Amino acid sequence: MNDASLTSGIATARALDGGSGAADLDATHRTHVGMVCFLCSEAAFFGTLIVAYLTYLGASKSGPTPAEVLSLPLVIAGTAALVASSVTVHLAHAALRAGRAGTFRTWLAATIILGALFLVGTAVEWHELIFEHGLTISRNLFGTTYFTLVGFHGLHVTVGLLLLTLMFCLSLPGFVSQRHSDGFDVISWYWHFVDSVWIVVFAVVYVFGR
Amino acid sequence: MAVWESSAADISPPAVAHAPSWATTVDHKQIGILYIVTSLVFLAVGGLEALVIRAQLWKPDSHLVGPEVFNQMFTMHGTTMIFFVVMPMLFGFGNYLVPLMIGARDMAFPRLNAFSYWMFAFGGAVTYLSFLAGGAPDVGWFAYAPLTEYAFSRGTSTDYWILGILISGIGTLATAVNLVTTILTMRAPGMSLGKVPLFVWMMMFDGILLIFALPPVTAAIIMLLLDRSLGAHFFDTQAGGSAILWQHLFWFFGHPEVYVMALPAFGIISEVVPVFSRKVIFGYESVAAATVAIGVLSMGVWAHHMFTVGMSDALDAIFSGASFLIAVPTGIKMFNWIATIYGGKLVLASPMLFALGFLAMFLIGGLTGIMLAAVPIDWQVSDTYFVVGHFHYVLFGGSLFAIMAAFYYWFPKATGRMMDERLARWQFWLMLAGFNLTFFPMHIAGLLGMPRRIYTYSADRGWTIWNQLSTVGAAMLAVCFAVFFWNLFDSVRRGAPAGDDPWDAWTLEWATTSPPAPYNFEQIPLVRSRRPLWDLKHPEDPDWEHES
Ligand code: HEM
Ligand SMILES: [Cu+2]
């Protein structure tokens, strides 16, 4: 194709493109938009699980009930850890953008530890529920909806932790630098999203649902 | 101009020539073709299943296949047609055309794109493997719980259904994300969202619709899987679970799914009708706006599938009213297409024939849809053959007629060869006659009280003649599809050379060679109006002087 009027845009296209750096920008722009779309679908997914939880609140034909078995202190500690990890991941991100690789690593490590603490909290809680109160997914409707909702959230935390850990390992030999801060965006968005979902879950299950 | 010249000698064997390997490709055009070819295979399978259904219903008290096989046939037919034929076929066209139409070199995430295709193929395969594992799913394409609970559906057939839909659903979601991202971020310079071809516009809303409508059913299917495999109680009425929740969640997806299949079809029609009327589409903005309205409204009408489960009168009224509302933006589009045709210089080539077929058939389906949205009528005819007649006018009359228009319109672009017009005409008239003969009598059988999903009936009901008409029509449709497959097969090998722009069309995909090079455009074009090729061909009167 060598027609002048259709391809006279090349000059404009180049101007908009502005060399290879702008092409990188294009790619991160794409990743950003893609991630927003993905998170929208995740929101719809969790929304459905929450609707199911609310639908069946108090519908169990037999115990135990949420009020009998859910232990608040543990989950409050876990929630605090998770909320704090949103702050640390933000600090890590800011450090990366500023090009301070060492600080980035420190905050990243803090995020990973806080996230892991949250998962440990969940594990302890589940252990109690299952072995002390006999609540399982098949015990009653509360067990069914509780383990599904909290379980899927925990799964998302686990995936986030894997991503963060991967970033951490890559940063050790210095593979992660300022250039990657746009790419790190999507990981931090995901992490913030998982945290926000938890705040809703916490409100629904532990505050409103008791 | 070099753009339009193409000699027979130029024609390389269609697409295959530059294929490194079909199994590893990440090129959007090859993936599009993979989607389309795979869904054609499923179309043949789903069609055979329909023929089994129709053969069984040919005469009263028939024992051709028996109830078990009959249940499997209508379940697999519905599941196949929706999930493995119409949706992937439209994605195939979307994949192939969207980057070309917006002047991009590929989709936003080419690897994810390949992943989507393979998930679709894998999901379809899993669903069909059930035949080898002791029986196909037999619970209907909407898999109503608690019928699908382990207590009532022993064995593994329902699990195959769940896994197949889950797997292909992941691929579908990835495609949706990919399409939206591509359209939002990869348009050629100058192509604002107000200048993209309407097909692109509709594919974008298709993606957005899926992003919000698919996850709920995914969650519901996972719940069902947990019920069946871990003894959870979501849909277990004995333990306080709800049969209605499944219906809400399923139809919250199931209804928008109708529009997921309809929007790309509308997009195809919006491309074909102007080109073959030799006129600009009438009311581009209102077609686009109607798309948005349909997308939003379609998320709020799902419970019109549940008028007979005994919701409250208030809910019935709300969902009935919302369903009526959808007729407004759909009607707007209808008027736009008709206004485009009106006063145009019609070129009745095969794509236009199928587009006109679409307009007429979809109109009938839309009208019976309005009838069903009226609660008292629905109470009478719900779960009768009236409904089967209605949704085939929408799905087959809507989607498949548009898909045929798309095949005849874009085949030359993808292969560099024309399809045979004479065979196309044979196919069109067979399809129009066979289609109406198959599905119109179903309305009457339904009004006479014939329930859907019964495997046989007695002679004294007065349904026999209507069923026989339907079965004859189905046989005609089988012939029609045989003609179509032959036409495809033969034209790939021996079709007349097409050149770059055989229809004298106006959108960017026709600006590159047929078939396009792997990189689509040597140089990314500059766009100044909605019809960039018109501007190119008519420098004395370009569109951008008129468009704001
Ligand atoms: C090839 C021509 C076709 C014929 C002859 C045909 C025939 C039938 C018949 C007789 C039934 C009713 C089965 C029953 O309820 O007992 C049925 C159901 C159905 N068909 Fe088709 N069909 C055709 C094409 C299509 C297409 C193109 C689609 C979708 C895009 C489709 C989607 C469905 C669905 C969703 C059901 C409901 C299945 C269920 O009840 O679970 N069909 N079809
Ligand atoms: Cu509907």
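The table below gives the values:
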| item | result |
| --- | --- |
| Shielding by other protein chains, B:529-540, mean Cβ within 10 Å | 1 |
| Contour excess over end-to-end distance, with Cα ends at B:D541 and B:W118 and 0.36 nm allotted per residue | 147.7 nm |
| Cross-link table B:K279/B:K537; B:K195/B:K279; B:K29/B:K195; B:K279/B:K345, entries beyond 19 Å C-alpha to C-alpha | B:K29/B:K195 |
| Cα centroid separation - region B:475-516 against region B:71-93, whole Å | 23 |
| Two-site label geometry, B:D460 and B:V472: point separation in nm, points 7 Å out along Cα→Cβ | 2.7 |
| For region B:37-166, the spread of Cα positions along each principal axis, largest first, Å | 58, 33, 23 |
| Exposure of A:V176 as accessible area (Å², to 10), given a probe of 1.4 Å and all protein chains | 10 |
| Enclosed volume per residue, in Å³, of the convex hull spanned by Cα atoms of region A:83-189 | 92 |
| Estimated inter-spin distance, B:I318 and B:Q238, nm [label 7 Å along Cα→Cβ] | 3.4 |
| Prolate/oblate/rounded call for region B:203-281, Cα gyration tensor, a/c under 1.5 rounded | prolate |
| Fraction of alpha-carbon pairs over 21 Å apart in region B:383-520 - percent | 53 |
| Anisotropy class of chain B from Cα gyration tensor, a/c 1.5 cut | prolate |
| Acute angle (nearest 10 degrees) that the helix B:87-101 long axis makes with the longest principal axis of chain B, alpha-carbon atoms | 20 |
| Long-range Cα-Cα pairs in region B:420-466 (distance over 12 Å), rounded percent | 68 |
| The protein assembly as shown shape via C-alpha gyration tensor axes, a/c threshold 1.5 | oblate |
| Three semi-axes of the equivalent ellipsoid, region B:465-536, Cα gyration tensor, whole Å, largest first | 40, 17, 10 |
| Acute angle (nearest 10 degrees) that the helix B:28-56 long axis makes with the longest principal axis of chain B, alpha-carbon atoms | 40 |
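The values are calculated or read from the model by the stated rules, or taken from the named source; none is laboratory data. Remember, predicted model here, so these are calculated numbers, not experimental data. Note that we place each Cβ from the backbone using ideal geometry, even for glycine, and neighbour counts take in every protein chain shown. When the accessible area is computed, the model is the full protein with side chains, heavy atoms only, and any ligands, DNA or RNA have been set aside. Shrake-Rupley method; radii C 1.70, N 1.55, O 1.52, S 1.80 Å.
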